[in-house]
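Engineer: One structure, pasted below without further comment.
The values are calculated or read from the model by the stated rules, or taken from the named source; none is laboratory data. Fair warning: this is a prediction, and the values are worked out from it, not measured in the lab. All Cβ positions, even for glycine, are placed from backbone atoms using ideal geometry, and neighbour counts span all protein chains on display. Only protein heavy atoms, including side chains, enter the accessible area calculation; ligands, DNA and RNA are left aside. Shrake-Rupley method; radii C 1.70, N 1.55, O 1.52, S 1.80 Å.
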Amino acid sequence: ECYYFLYALFEYTVAKTKIVIKEQQIHLIMQQIYQPKGQWQIMLEGGWVLQRIYEEVYLIKNKNKKKKPMEETYPLKPNQRIVLNETEWIGLFTPEKIEKARTIDNWSEFSHELWLSPQQELVVGKQQAGERIALTKKLNKKIARYFIDNKIPTAQRQKAWVVRDENKNIYSLVPFTYSHLSISVETDKIHYILLYKYHEEAIGRRT
């Protein structure tokens, strides 16, 4: 019943959303719906988002709709998965929730610990021109130069994600490395684990 409901939903809204739903997307959405969790969101084409908040599901336009696709960012909320597409998802998890999140599927993984202030918010998006990452306290390097120095193929560079805060400070270059800002262990900060899962055969091996 869920399968046919989803098809009917997207057929009903296609005139407004212009979303041409794919079979693989339907199955991905169904997988999410049957997960025993209260909140999630799936990014669709054209800036549309299918979002579940406990017992209700919404099809909404992303707030960043005026930005170009490469400039779109998605907020990382504690213990919530962000499904980036059919082969990638990311989440910011507390230590007591991370092991359960890791068992959702058997995809490849990139993860690291980080500490954030209670009011601090992170977003995930694509790299922007000229962005730099602080690899150590003394080494601050342009992301483009990091890719060159590590001989990362262009195809993999284009698939990379950047996790940054509201001040444009970069905490993670997914799935390659992370900033020394992530490992600032202080008593007034909250301990999280950034978890990125990807289907290796679908998007190519990461180095």
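Engineer: Taking 0.36 nm per residue of separation and subtracting the Cα-Cα distance, what length does fully extending VAL123 through TYR12 add?
Structural biologist: Answer, rounded to one decimal: 36.8 nm.
Engineer: If every alpha-carbon in the stretch 81-207 counts as one equal scatterer, what log10 I(q)/I(0) does Debye give at q = 0.10, 0.17, 0.19 1/Å?
Structural biologist: Treating every Cα as an identical point scatterer, log10 I(q)/I(0) equals -0.31, -0.91, -1.13.
Engineer: Roughly speaking, what % of Cα-Cα pairs in the stretch 8-51 are separated by over 14 Å, rounded to a whole number?
Structural biologist: Numbers: 477 of 946 pairs.
Result: 50 percent of Cα pairs exceed 14 Å.
Engineer: Among PRO175, ILE29, PHE10, which residue has its Cα positioned farthest towards the positive end of the charge dipole of the chain, with +1 placed on the Cβ of Lys and Arg, -1 on the Cβ of Asp and Glu, and the dipole taken about the Cα centre?
Structural biologist: The Cα lying farthest towards the positive end belongs to PRO175.
Engineer: Quick one: Kirkwood hydrodynamic radius for the stretch 84-144, alpha-carbon pairs, angstrom, one decimal?
Structural biologist: For the stretch 84-144, inverting the mean 1/r across all distinct Cα pairs yields 14.6 Å.
Engineer: Here's something else I'd like to know. Grab the beta carbon distance between ASP188 and ASN140, set R0 = 22 Å, and tell me the FRET efficiency rounded to 0.05.
Structural biologist: The pair ASP188/ASN140 has a calculated efficiency of 0.35.
Engineer: Using a 1.4 angstrom probe on heavy atoms only, work out the carbon and sulfur share of the accessible area of the chain in %.
Structural biologist: That share works out to 52 percent.
Engineer: Which whole-number percent is the relative contact order of the chain (Cα, under 8 Å, 6+ apart)?
Structural biologist: Computed over the chain, the figure is 20 percent.
Engineer: Which one of ALA129, TRP107, GLN156 has its Cα pushed farthest toward the positive end of the charge dipole of the stretch 86-207, where Lys and Arg give +1 and Asp and Glu give -1 at the Cβ?
Structural biologist: ALA129
Engineer: Calculate, for the stretch 98-207, the solvent-accessible area per residue in square angstrom, rolling a 1.4 angstrom probe over the heavy atoms of the protein chains.
Structural biologist: On the way: 6040 Å² over 110 residues.
It amounts to 55 Å² per residue over the stretch 98-207.
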